[in-house]
Amino acid sequence: MILAYKLKEWGENADDDVRERFKSETETIETKPSESETVVDDDIVEHYPKPSAQLQAIIDRVPSTRIVLYYHAMQRGINKEWKSWACEVMEAGYSQPSIVQLAGEDLTMNPFEFSALLEAIFKELAVECPPIIAYSQYALGIAHKVTDGEITAEKGFAILSDAAIDTDYHETLSEFYYLQENANLLRDHYEGCYGDGNMREDNIEEWMALYFKKLIAANEIEEHYLGQSS
């Protein structure tokens, strides 16, 4: 009874600063994520530069554009994805002669002729795509493949980690390499040392999936250009 009375008396007479400090500490404890909860800190999610309005319009209409932009930046040869992209672009209303030509080309097309054809396509579409845009859009393209269920989050990270190596650890993609290395440490039962500290051995796939969701959300274009003329 005496203890209860003393506690009541303290509650009534304690200094306001003391009570506020106690309240703050209590709220911090209550809102701290549990050890089993998967969290990705917003601070480690990249915010990419936006494409031009014209390029964004094409991406909006033909999302696979994100993938072939990377192939173009890496100067890779013609493949099935390029031909599929050309067909999708035509279906979206773009009928430039160079695109029609690409859709009908053989996969054995000479690399120099293919490079010249791509230059013609970009010129006719009136778009420019510096490497930083190509790389960041590629990352978003892989992120969408993950959230759409086409590939696992760990596969997405592996693809982008390889892309970081292929681009000599370009700043746009290097984050994926280091986070992938962090995951490898955790898989081998070592303590991770990169990221936000919330990736654990038991939540790697879930953490990566959430990272991709946040990456897409952080880079959503507020103003889309669907319906505008190409």
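The values are calculated or read from the model by the stated rules, or taken from the named source; none is laboratory data. Remember, predicted model here, so these are calculated numbers, not experimental data. Glycine gets a Cβ as well: all are built from the backbone with ideal geometry, and neighbour counts include every protein chain shown. The protein model used for the area step is the full one, side chains on, heavy atoms only, and it has no ligands, DNA or RNA in it. Shrake-Rupley method; radii C 1.70, N 1.55, O 1.52, S 1.80 Å.
Summary table
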read-out	value
Karplus-derived 3J(HN,Hα), 6.51/-1.76/1.60, for each residue of segment 209-216, Hz, glycine and proline x	4, 5, 4, 5, 4, 5, 4, 5
Computed FRET value (nearest 0.05) for HIS189 with GLU37, which takes r as the C-beta separation and R₀ as 22 Å	0.55
Residue-wise HN-Hα coupling along segment 175-191, computed from phi with Karplus coefficients 6.51, -1.76, 1.60 (Hz; x: Gly, Pro)	4, 5, 5, 5, 5, 5, 4, 4, 5, 4, 4, 5, 4, 8, 6, 9, 6
Where only alpha carbons of segment 76-205 are counted, the Rg and the Dmax (Å)	18.5, 56
Relative contact order (percent, whole number), segment 79-230, Cα cutoff 8 Å, 6+ residue spacing	18 percent
Rg/Rh ratio calculated on Cα atoms of segment 138-195 (Kirkwood radius)	1.00
Whole-Hz ³J(HN,Hα) from phi, Karplus 6.51 cos²θ - 1.76 cosθ + 1.60, for segment 109-117, glycine and proline x	4, 4, x, 5, 5, 5, 4, 5, 5
Unsatisfied cross-links (Cα-Cα over 21 Å) in the set LYS145/LYS214; LYS80/LYS214; LYS83/LYS123; LYS145/LYS213; LYS50/LYS214; LYS123/LYS145	LYS80/LYS214; LYS123/LYS145
Heavy atoms of TYR169: accessible area, 1.4 Å probe, square angstrom to 10	100 Å²
